[in-house]
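In what follows, a structure is listed as C-alpha cells, so that the remarks can point back to it.
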Amino acid sequence: MTHPVDRRRAVRSLAAGCAIAQSSWLASSIGAAMRRPELIAQENRKDGSRDWMLTQTRIDPATKYRCPWVEGYASEASIQAGQSLRLMISCQDAKSVLIEVYRLGYYAGDGARKMDQYGPVACSAQPTPQPGKLRLMDCHWETTLELTIGSDWPSGVYVAKLTEQLEKLQSYIIFIVKDDRQADFVFQCSDHTWQAYNRWPSQFSLYDDGQQQWHWGDRSQVGFNRPYGKYCQILDAPLSLGSGEFFLWEFPMVYWLEQEGYDVTYISNTDLHSNLNIARRGCGFLSVGHDEYWTIDMYRHVQSAIAAGTSVGFFSGNAVCGRIQWDSSLRAFRRVGVFGPPGGTREFEAMSSLPHERPYANELIGAHSTGPVTGGADWICTLPDHWLYAKTGMKSGDRIPGLVGWEYHGDPAPLAGLEIVATGPTQSAPRQLNGGTYTATVYPGPKNNFVLNASTCWWADGLSAPPGYQSPSEYTQPMGVDGRVQQMTRNVLDKMLFGLNP
C-alpha cells in the first residue's frame, strides 16, 4: 500500500511543520544515517503469522488472575537491538516450555511476525514471593532463557509466547524493542498503567492496600519483577494474559499505523521518565489508550518537547492522572499525588489523601480526568470547520456512536487558542447520564505544532480490528472501525508531519 505520507515525503522539507527536524538538538544528536523512514513499511512486507495468538489458556480460580501452569516476566520493560534480555519463567507441572518471539504489527493482516524460537527449554516451578513493604510482590526468579535481541529486530512491541509442554497451556511475556533513530512518530506504550492494574498473583495491584480492592492512596507499591496476570477489568479477554493492557487498548492503533506505512518508533513509559530528549525524536509524540500513571519527569519531558516544536496526540483517556514515584532499585513505583485540582475527580474519596499540586494534567493535555472519571458517550462534532474534520463529511452535531469510553477527559484548561472539537454528556449505562462531560480539545504549540486530546481510551477501536481483538463494551458500545476516525487520525498525523491543514 502506498500512503499519501510516502508520496509527499519528498517535499517534506518545504513544509512549515515538524520544527524538530531542523532543531540544533537533532542536528547534534542524530545524523542523517540514523534516518530510516521506510523501516516499518519494509518490515511489514515480510511474511506474518497468526500463530502468535494464544489458543489454550487457563486461570487459577483461587486467584482469578494467575496462570501458575506457565507464566513469566522480562528483565527489562524495553531493550535495544544487540542487548541481552532475560526471561524468568515458572511452570507448575511441566518440565519444559517452548518460547516463540513475535513482533506485533500489520503484516498483511496477520498481526505479527515470528522473530525466533527457543527450546523447549527446561522449566520448573518458581516461588511466589511474600509481600514486601507496601505489599510489593517482588519476584527473584532464576533466569530460564537469556536471549540477544537481533540487530535486525526493528523497534516495536514484542511478545514471547510461552507454551508449557505438558498440557500445552500458554501465556505471554511482553516487552518493547526501542532504538535511537529519529522517526516521524514516537509511540509510547502505557506500561506504567498496565502494571498499576496488574493484580498478580491475586490482589496485589496499585489499587489494593489489603483492605480495599480499589484503594486510591499511597499505601501500595507495584513493580515489574513479576508476571502480568489477566487484566482485572476485562476478564473475558484471553489475549490479555501476560500482556498487561496492550491488546485491549493499544494494539489496534499499532496495527493501523503499520498498515498505513507510517514511520513509527516505540518506547516504554519508563523510557520517557529517564530520557529528556526521547519525545523530541519525532514530529509527533503519541499517548495511546489508558495512559494514567506518570512521573513528574515524564510530564516535564513532554512539556519540553512541546516547547521545542513536537506535536503531541493524546489518543487516550484518564491520561496523566496519577502521579507516581519510581524506585529504580526495585523496578517499582507508588502513587504519590494527583495531576489535578482538589475535588476534580470526585468519585474516588481516597484521592483526598494525596497532594493535588500543579502542574495539572489539563495544562499539558488540554483537559484531564474529572468526575465521575468513568463513563462513555458518543463522539459529537462541535467544530465541523476545524481541520480535524477535513474529508470526514462530519457536520455539527454528527455522532460517532460509543467512541468515548471507559474513561475520558473534561475540565479544559484556559490555554491560549484552545478549541473544543467534540463534547457531550457521559453515561454509566445506555440512556443513564452520570453527570460527567467529556471535552476533546486542540491547542497550538509555540512552533507551528499542536496538542490534540481525543478524550477517550477507545479511540483505537475506530481504527482497526486486528486478529483476536475484542471490542470493549462498558458504559457504551463502540462500533468498531469507522472511516471518520481513520480520517481524523490521518489529519492529525499529517499535520504533525507537514504543519499544513489537511
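The values are calculated or read from the model by the stated rules, or taken from the named source; none is laboratory data. As the structure is a prediction and not an experimental result, all values here were calculated from the model. In this analysis, Cβ positions are derived from the backbone assuming ideal geometry, glycine residues included, and neighbour counts consider all displayed protein chains. Remember, those area values only see protein heavy atoms, side chains included, never the ligands or the DNA or RNA. Shrake-Rupley method; radii C 1.70, N 1.55, O 1.52, S 1.80 Å.
When DSSP beta bridges are limited to those with both residues in the chain, what percentage is antiparallel, rounded to the nearest 5?
About 70 percent, rounded to the nearest 5.
Quick query: amide H of Ala112 versus all other amide H atoms, modeled in the peptide plane; which residues come in under 5 Å with a sequence gap of 5 or more or a different chain?
Ser49, Gly105
Do you know the relative contact order of segment 413-471, to the nearest whole percent, from alpha carbon pairs under 8 angstrom that are 6+ apart?
Value for segment 413-471: 25 percent.
Go through segment 441-448 residue by residue and turn each phi into a ³J(HN,Hα) via Karplus (6.51, -1.76, 1.60, θ = phi - 60°); whole Hz please, and just put x for glycine and proline.
Here the 3J(HN,Hα) series is 9, 9, 9, x, x, x, 10, 6 Hz.
Quick one: if you stick a label point 7 Å off each Cα along the C-beta vector at Gln130 and Lys395, how many nm between them?
Once both label points are built, they end up 7.0 nm from each other.
Given the -39500 (n - 2.57) contribution per DSSP H run of 4+ residues, what per-residue ellipticity at 222 nm results for the chain, rounded to the nearest 500 deg cm²/dmol?
-4000 deg cm²/dmol
Relative contact order (percent) for the chain, with alpha-carbon contacts under 8 angstrom and 6 or more residues of separation?
Normalised by residue count, the contact order of the chain is 16 percent.
Check Val312: other-chain or 5+ apart residues with amide H under 5 Å from its amide H, H built from backbone geometry?
Phe285, Phe450, Val451, Leu452
If one computes the Cα centroid of segment 125-142 and of segment 61-124, what distance in Å separates the two points?
With segment 125-142 and segment 61-124 each reduced to a Cα centre, they are spaced 19 Å.
May I ask for the distance between the Cα centers of segment 191-213 and segment 446-465, given as a whole number of Å?
Segment 191-213 and segment 446-465 have Cα centres spaced 27 Å from each other.
Count the net charge of all other residues whose Cβ sits under 14 Å from the Cβ of Gln130, scoring Lys and Arg as +1 and Asp and Glu as -1.
Residues near Gln130 contribute +2 overall.
Can you work out the PRE-style zone for Lys46? Point 7 Å along Cα to Cβ, and I want the residues of segment 87-116 with backbone N under 17 Å.
100-116
Taking +1 at the Cβ of each Lys and Arg and -1 at the Cβ of each Asp and Glu, which of Ala108, Cys139, Gln432 sits farthest along the dipole of the chain towards its positive end, judged by Cα position relative to the Cα centre?
About the Cα centre, the residue reaching furthest to the positive side is Ala108.
Please identify the trypsin sites (Lys or Arg not before Pro) of segment 414-502 that satisfy two criteria: DSSP loop assignment and at most 10 other Cβ atoms within 10 Å. Which are they?
Taking segment 414-502 and a limit of 10 other Cβ atoms within 10 Å, the loop trypsin sites (Lys or Arg not before Pro) found are Arg431.
Quick one: grab the alpha carbon gyration tensor of segment 436-502, order the square roots of its eigenvalues as a ≥ b ≥ c, and give me rounded if a/c is under 1.5, else prolate or oblate depending on whether a/b is larger than b/c.
oblate
Over all directions, the average projected area of the alpha-carbon convex hull for the chain comes to how many nm²?
21.3
Round to the nearest 10 and report in Å² the accessible area of Asp180, as given by a 1.4 Å probe over the protein chains' heavy atoms.
My reading of the accessible area for Asp180 is about 90 Å².
Enumerate the lysines that Lys178 could reach by cross-link, defined here as Cα to Cα under 22 Å, with residues fewer than 8 away along the same chain left out.
Lys46, Lys114, Lys161
Which lysines, if any, have their Cα less than 20 Å from the Cα of Lys391, not counting same-chain residues under 8 positions apart?
Partners within reach: Lys495.
So for the chain, taking the charge dipole from beta-carbon charges (+1 Lys/Arg, -1 Asp/Glu), which of Ser455, Trp214, Ser353 sits furthest toward the positive end?
Checking the options against the dipole of the chain, the answer is Ser455.
Through the Karplus equation 6.51 cos²θ - 1.76 cosθ + 1.60, θ set to phi - 60°, convert the phi angles of segment 474-491 into ³J(HN,Hα) values in whole Hz; use x for Gly and Pro.
7, 6, 9, 10, x, 9, x, 4, 9, x, 6, 5, 4, 5, 4, 5, 4, 4
Could you tell me whether segment 212-301 comes out rounded, prolate or oblate from its Cα gyration tensor? Rule is a ≥ b ≥ c as square roots of the eigenvalues, rounded for a/c under 1.5, then prolate if a/b exceeds b/c, otherwise oblate.
oblate
Give me, ordered by chain and number, the residues 5 or more places off Asp138 or on other chains with an amide H under 5 Å from its own placed amide H.
The answer is Gly132.
How large is ³J(HN,Hα) for each residue in segment 198-210, as worked out from phi by the Karplus curve 6.51 cos²θ - 1.76 cosθ + 1.60 (θ = phi - 60°), to whole Hz, x for Gly and Pro?
6, 9, 4, x, 9, 10, 10, 8, 5, 8, 10, 9, x
Counting Lys +1, Arg +1, Asp -1, Glu -1, what net charge surrounds Ile306 among other residues with beta carbon under 12 Å of its beta carbon?
The answer is +2.
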